[in-house]
Structure formats: C-alpha cells, structure tokens
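One structure is given here, and the rest of the page talks about it.
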Amino acid sequence: MESNLEVWKLSHQLVLSIYKITENYPKYEQFGLVSQIRRSAVSIPTNIIEGQARQYRKEFIQFLYIAKGSLEETNYHLLLSKDLGFISEQTYQELSEICTRIKMMLYKLIKSMQTDR
C-alpha cells in the first residue's frame, strides 16, 4: 500500500536510507541502536498511512503528530550514530536535512487539516 502524499513518499525514502546505513553498524548494536533507529524511522510513514486510512480528520491529525514524534526520535538516533562514529558527518547532514524537510511537510499538512474544515 502506498500513499499519494509527498510526505509519506519522502519518509519512506528515509526508511530505506536508514536500513541501508545501519547494515554497516557494529554487530553488537543490532539489538540496540540499529533496532531503535529502524523502529522509529518505520513509525513515520506507518503512522502517516494509518492516519490517512482513518475515517475522521481528528484521528488523522493525531497520527501525524505521532509520526512527528517518531521523526524527532529518528533524528536523535542519527545524531547519536554520528557522535558514536557509526556514520559520517556528511551522511548525518544529508539525513538530518531530509528529517527537516519531513518535519516541515508534516507541520504544513497538520495546519492545513486543522484549518480546512
């Protein structure tokens, strides 16, 4: 199932990138940071698409807020990954910029849903 929302598409691409970079993390992090960052990243598009499938606008907005929280968690995991030396500064900057774009898109979508009645 795919969403036609650009924010969903971009967050799906973020998940694919996260999965790719975490393949190179140390094996001892498989059940630690790798699991955490993958789970928080996957939660972003999952909550967007689940909210979109809901019957009521208020529910959709709530799921968008959950996606926003998961995005912030993912962004922190990326910072931690950089500080621990698991990803380069450049990779961190690229993925952090994508997170910022998603954050702005979520903000705009939430605001439009709240005012478009």
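All of the numbers you see were taken from the coordinates with simple rules; none came from a lab. Since the model is a prediction, treat every value here as computed from it, not as a measurement. Glycine also receives a Cβ, built like all others from the backbone with ideal geometry; neighbour counts cover every protein chain displayed.
Choose one of Tyr25, Gln36, Tyr92: the residue whose Cα lies farthest towards the positive end of the charge dipole of the stretch 6-115 (beta-carbon charges +1 Lys, Arg; -1 Asp, Glu; about the Cα centre).
Of the listed residues, the answer is Gln36.
Of the candidates Ala53, Ala67, Ala41, which one comes out as most mobile in a Gaussian network treatment of the chain with C-alpha springs shorter than 10 Å?
Ala53
Only Cα pairs within less than 10 Å get springs; with that Gaussian network setup on the chain, which residue of Ile44, Ile21, Ile98 has the largest fluctuation?
Ile21
Quick one: of Lys58/Lys82; Lys27/Lys68; Lys9/Lys111; Lys20/Lys82; Lys20/Lys58, which pairs are farther than 25 Å apart, Cα to Cα?
Lys58/Lys82; Lys27/Lys68; Lys20/Lys58, as the Cα separations exceed 25 Å there.
Give the long-range amide H neighbours of Ile87: residues separated by 5 or more places, or on another chain, with amide H under 5 Å away, using H modelled in the peptide plane at 1.01 Å from N.
Here Lys82 satisfy the definition.
Where does the charge balance sit around Leu80 when Lys and Arg score +1, Asp and Glu -1, over other residues with C-beta under 15 Å from its C-beta?
-2
Using the Karplus curve 6.51 cos²θ - 1.76 cosθ + 1.60 with θ = phi - 60°, work out ³J(HN,Hα) for each residue of the stretch 82-99 in order, rounded to whole Hz, and write x for Gly and Pro.
Going residue by residue, I get 5, 5, 7, x, 7, 10, 6, 4, 5, 4, 4, 4, 4, 6, 5, 5, 5, 4 Hz, with x marking Gly and Pro.
Spelling out what I want: for every residue of the stretch 19-24, take phi, set θ = phi - 60°, compute 6.51 cos²θ - 1.76 cosθ + 1.60 (Karplus), and round to whole Hz; glycine and proline get x.
Values per residue, Gly and Pro as x: 4, 5, 5, 6, 4, 9 Hz.
Between Asn24 and Tyr56, how high is the FRET efficiency from 1/(1 + (r/R0)^6) when r is the Cβ-Cβ distance and R₀ = 35 Å? Nearest 0.05.
0.25
Suppose every Lys and Arg Cβ carries +1 and every Asp and Glu Cβ carries -1, with no other charges. What dipole size does the stretch 6-115 come out with about its Cα centre, to the nearest 20 debye?
In total the dipole reaches around 440 debye.
Let me make sure I get this right: for the stretch 6-115, a, b and c are the square roots of the gyration tensor eigenvalues over alpha carbons, sorted descending. Under 1.5 in a/c it's rounded, otherwise prolate if a/b > b/c, else oblate. Which is it?
prolate
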